[in-house]
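Report on the structure given below.
None of the figures in this text is laboratory data; all of them are computed from the coordinates on show. Remember, it's a predicted structure, so these values are computed and weren't measured experimentally. Cβ placement follows ideal geometry from the backbone for every residue including glycine, while neighbour counts extend to all protein chains displayed.
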Amino acid sequence: MIISRHQTGKVRTLRNLAFAFLIPIYFGLPWFRMAGHPLIRLDIPERKFYLLGNVFIPMEGYFLWLMLVTAGLSLFFFTSLIGRVWCGWACPQTVFTDMFDWIGRLILGSKYGKKDAPTIGKITLHATWILFSLAGSLVWISYFADPYLMLADISSFKVFTGDVTWVYFAAFFTFTLYGDMAFVREQFCKYACPYARFQTVLMDNQSLNVTYDYVRGEPRRKGKEKIGDCIACNMCLVVCPTGIDIREGVQIGCVACGKCVDACTDIMAREDKKSLIRYMAQDQVEKRDSKISWLRPRTALYATLLLIVLSSAAYLLNNRVPLYASVLPDRNIPAMQIPGGRVRNFYNVKLQNMSLSDQHLKVEIEYPDFAEEAILLVGGEGNSMVTIPENSMMDFRIVVETGILQKEDIYKKNHFILIRFIDPKNPKMLREKRVPFTLPSDLFGMLDE
Ligand code: SF4
Ligand code: SF4
């Protein structure tokens, strides 16, 4: 574990502002509601994903796929433009490590990270870290469970009865977060993060990154001999949370936190010079005062792919029908013949209203395979209107009955009917299902006689 030296400066201030924006979002989002439902929540037991007033179900998994592809392509695009900005400025691993460091400095002051820090101070620090990890993990769980219900479980002491499942997850995530922040920290970025492994192939010499100006800096000072601008003070190394030397070039271990930028800016200011480590492109080191070319084949390709995926997602969202319908022949009640030579088929219907308002739907059928009129009985009541309350699922049975007059109808192998669910006031709210209509086997024998 490395607890690097605290460093103030312009980059630190900007990162603090970014964190002041991101941390309330992380801690606050699960508490917000839209039309009485969570603004964002992945409800695993209910198998629903709430997002900004929409409810997605597993059958709409392609939206999740689009979200993942968008996230991946955005990472590619922004990495090719501005390097590992995600790592240093928005990744929870980095943001939380900085928060834990802030708590450390608050409790131990200048003794934070030092071996001779007072024992009582260290105990207080670790206890505070555990409490903070508990808060962080409760918020994390609130993205999957109702935080208001969790609060009620806490205030009613139900959490101590062992009946509340989320408590076990809270314990697991608390100790994972505490273990990570207290003992692993940015070493995770260096040795375990998969993004770190391939970020170098996403960048080129025009990507904006934390870069050491070796043209000015080298050869660095050796003893009293001073040739380049680098005075070999090693402050860039001392402040680095992953313990790397940025002067050796772009490395997997660099999380682009910019602490070395602030450190070198301080040092070089004393010499009345510009920092040797800055956010710049590799080409700008060699071709001084050259401008970064933002539009390059690589950035154009990522931007085009991102635009295609985003437009597809926007199109699908715009044309999304928040109604799921499943119609299956009832396996428990076979097709039957009733007096009058008519035939009945039974179907089990599942309708899921994925909107946040009630849906009033008309059930209709089409029966092009049959000459005689077909009758539809919904729920055995002959009522073809159904109401599905907001954000809920409804199961019911429908019966379709038709008369078979012509022998050709019977011997025609596959019969199908079309069952339609439509909101008469909003024709866009429509689902259609083509289902088989089976004839009872005794019908064939009867007609052959
Ligand atoms: S902080 Fe700047 S001057 Fe000091 S060692 Fe690093 S690059 Fe050289
Ligand atoms: S090299 Fe600089 S930017 Fe990279 S992790 Fe270390 S301090 Fe941060």
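A compact table of results
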| quantity | calculated |
| --- | --- |
| Size descriptor, Kirkwood hydrodynamic radius, that averages inverse alpha-carbon separations across the range 164-252, Å | 16.4 |
| Mean residue ellipticity (222 nm) of the chain, computed from DSSP H runs ≥ 4 via -39,500 (n - 2.57), nearest 500 | -12500 deg cm²/dmol |
| Selected from Cys264, Cys91, Cys233 as most flexible by GNM, with the chain as the system and alpha-carbon contacts under 10 Å | Cys233 |
| Viscosity 1.306 mPa s, temperature 10 °C, Stokes-Einstein D of the range 37-189 from Kirkwood C-alpha radius, µm²/s | 87 |
| Inter-site label distance for His126 and Ala35 at 7 Å from Cα along Cβ, in nm | 5.0 |
| Distance violations [Cα-Cα > 30 Å] among Lys122/Lys190; Lys48/Lys425; Lys114/Lys190; Lys111/Lys226 | Lys111/Lys226 |
| Degrees separating the helix 119-142 axis from the principal Cα axis of the chain, which is the longest one | 30 |
| For the chain, size of Cβ-based charge dipole, Lys and Arg +1, Asp and Glu -1, in debye | 2600 |
| Charge tally in the Cβ shell below 14 Å around Val238, where Lys, Arg are +1 and Asp, Glu are -1, Val238 excluded | +1 |
| Degrees separating the helix 10-28 axis from the principal Cα axis of the chain, which is the longest one | 30 |
| Globularity index of the range 31-95, i.e. its alpha-carbon radius of gyration over 2.2 N^0.38 Å | 1.41 |
| Kirkwood-based shape ratio for the range 260-385, expressed as Rg/Rh from alpha carbons | 1.49 |
| Long-range tail of P(r) for the chain (Cα pairs > 34 Å, %) | 55 |
| Nonlocal amide H pairs with Ser207, under 5 Å, H built at 1.01 Å | Gln282 |
| The range 220-239 and the range 306-344: distance between their alpha carbon centers, rounded to Å | 71 |
| Intensity falloff of the range 209-282 expressed as log10 I(q)/I(0), Debye formula with alpha-carbon point scatterers, at q = 0.15, 0.20, 0.21, 0.25 Å⁻¹ | -0.43, -0.78, -0.86, -1.22 |
| Degrees separating the helix 259-270 axis from the principal Cα axis of the chain, which is the longest one | 30 |
